1. Within the stretch 123-131, identify whether any single residue is over 30 Å from PRO41 (Cα atoms), modelled with pLDDT under 85 and open to solvent by less than 30 Å² (accessible area, probe 1.4 Å), and answer yes or no.
2. Just need a number here: residues in the stretch 4-35 that are over 18 Å from ARG66 (Cβ atoms) and not in a helix (DSSP H, G or I).
3. Of all residues being open to solvent by 70 Å² or more (accessible area, probe 1.4 Å) and of a type in the set (S, T, N, Q) in the stretch 165-216, which is modelled with the lowest pLDDT? Just the residue, please.
4. Look at PRO96 and say whether it is at pLDDT below 90, open to solvent by 30 Å² or more (accessible area, probe 1.4 Å), touching a His at 6+ places or on another chain (Cβ under 8 Å) and within 16 Å of PRO205 (Cα to Cα).
5. I'm trying to understand the selection: among the residues of the stretch 1-14, which are open to solvent by less than 40 Å² (accessible area, probe 1.4 Å) and hydrophobic (A, V, I, L, M, F, W, C)?
6. Starting from the stretch 82-110, take each residue that is aliphatic (A, V, I, L, M) and list its partners that are part of a loop (DSSP other than H, G, I, E, B) and open to solvent by 40 Å² or more (accessible area, probe 1.4 Å), counting only C-beta distances under 6 angstrom and pairs at least six apart or across chains.
7. Which residues, taken from the stretch 15-47, are of a type in the set (S, T, N, Q) and either open to solvent by less than 60 Å² (accessible area, probe 1.4 Å) or within 24 Å of ALA107 (Cβ to Cβ) (or both)?
8. With (1) among the aliphatic types (A, V, I, L, M); (2) surrounded by fewer than 23 Cβ atoms within 10 Å (Cβ to Cβ); (3) assigned to a helix (DSSP H, G or I) as the list, and LEU50 as the residue in question, which single condition is left unmet?
Amino acid sequence: MPVSVYIETSITSYLTSRPSRDVVIAARQAITSEWWHNQRPKYEAYISALVDEEISEGDATAAALRQQAVAGIPSVATTPAAIELAQRLLATKAVPANSVEDALHIAIAATQGAEFLLTWNFKHINNAETRAALPVLSRPLATFAPSCVLPKNLEVSPMMNDPIVEEVRRNRQAHAARYNNDLAAICKALKAREASSGRIVVNRPPRLLPHSGAHS
């Protein structure tokens with residue numbers, strides 16, 4: 001059975017953005033493109049309504065390229081379990097309170113059984129603190145936490161100023177602000193997006209921890 005991968009918004013932004021003169025960003029773009037075109041078919045790839053919403057933000061031409069890139073990729077559902085896990089991530093400050101949608105990306109991936117969360121977002125997703133907290137916070141839901149990884153597991157310093165991820169973050173914050181950073185309101189809008197998008201929406205079972213019952 002193929003390994004499941006949740007594709008976070010920064011991946012599509014790296015894939016479709018104009019070639020950068022910055023050598024590190026250019027390397028990330030090349031790595032993302034290589035993974036997308038040569039490695040992605042080996043995986044069971046998913047996005048979410050949240051990714052759909054975020055890639056629609058910002059410059060219209062860039063948004064169209066991002067939307068074209070993910071056309072045909074199934075979307076995993078935004079469930080009550082995802083909302084609960086996102087609330088846990090925010091309440092424990094594993095993800096900052098002003099980064100509601102970062103928490104929701106992680107939570108959707110975890111509660112939809114993704115084995116990997118693919119991202120270039122170091123600040124609030126792919127960092128040591130969040131990776132350490134996620135298994136602990138997922139345990140009450142009896143689910144495994146996804147591994148937050150880079151394409152091909154390239155290790156690049158997270159300290160650089162990354163304009164591509166910053167653009168994703170600006171669009172993400174603008175989208176969250178539209179709903180006053182209210183997790184319930186965001187998720188209600190995402191459910192409406194799931195219903196109207198025309199994209200296949202998959203509600204996958206979480207990967208349950210051994211000897212644990214499903215969360216009631």
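1. Our first condition is that a residue be over 30 Å from PRO41 (Cα atoms); within the stretch 123-131, this holds for 129.
Among the residues that remain, those that are also modelled with pLDDT under 85 are: 129.
Subset that is open to solvent by less than 30 Å² (accessible area, probe 1.4 Å): none.
Scanning the stretch 123-131, I find no residue that is over 30 Å from PRO41 (Cα atoms), modelled with pLDDT under 85 and open to solvent by less than 30 Å² (accessible area, probe 1.4 Å), so the answer is no.
2. 3
3. In this case the residue turns out to be SER216.
4. Judged against the criteria, PRO96 is not a match.
5. VAL5, ILE7, ILE11
6. Qualifying pairs under 6 Å: LEU90/ALA97; VAL100/ASN181.
7. Restricting attention to the stretch 15-47, the residues satisfying the condition of being of a type in the set (S, T, N, Q) are 16-17, 20, 29, 32-33, 38-39.
Correct list: THR16, SER17, SER20, GLN29, THR32, SER33, GLN39.
8. Evaluating LEU50 over (1) among the aliphatic types (A, V, I, L, M); (2) surrounded by fewer than 23 Cβ atoms within 10 Å (Cβ to Cβ); (3) assigned to a helix (DSSP H, G or I) leaves (2) as the failure.
The values are calculated or read from the model by the stated rules, or taken from the named source; none is laboratory data. Quick caveat, the model's predicted, so the values are computed rather than measured. A quick note on method: Cβ atoms are made from the backbone with ideal geometry, for glycine too, and the neighbour counts reach across all protein chains shown. Accessible surface is based on the protein model in full, side chains and every heavy atom, while ligands, DNA and RNA are left aside. Shrake-Rupley method; radii C 1.70, N 1.55, O 1.52, S 1.80 Å.
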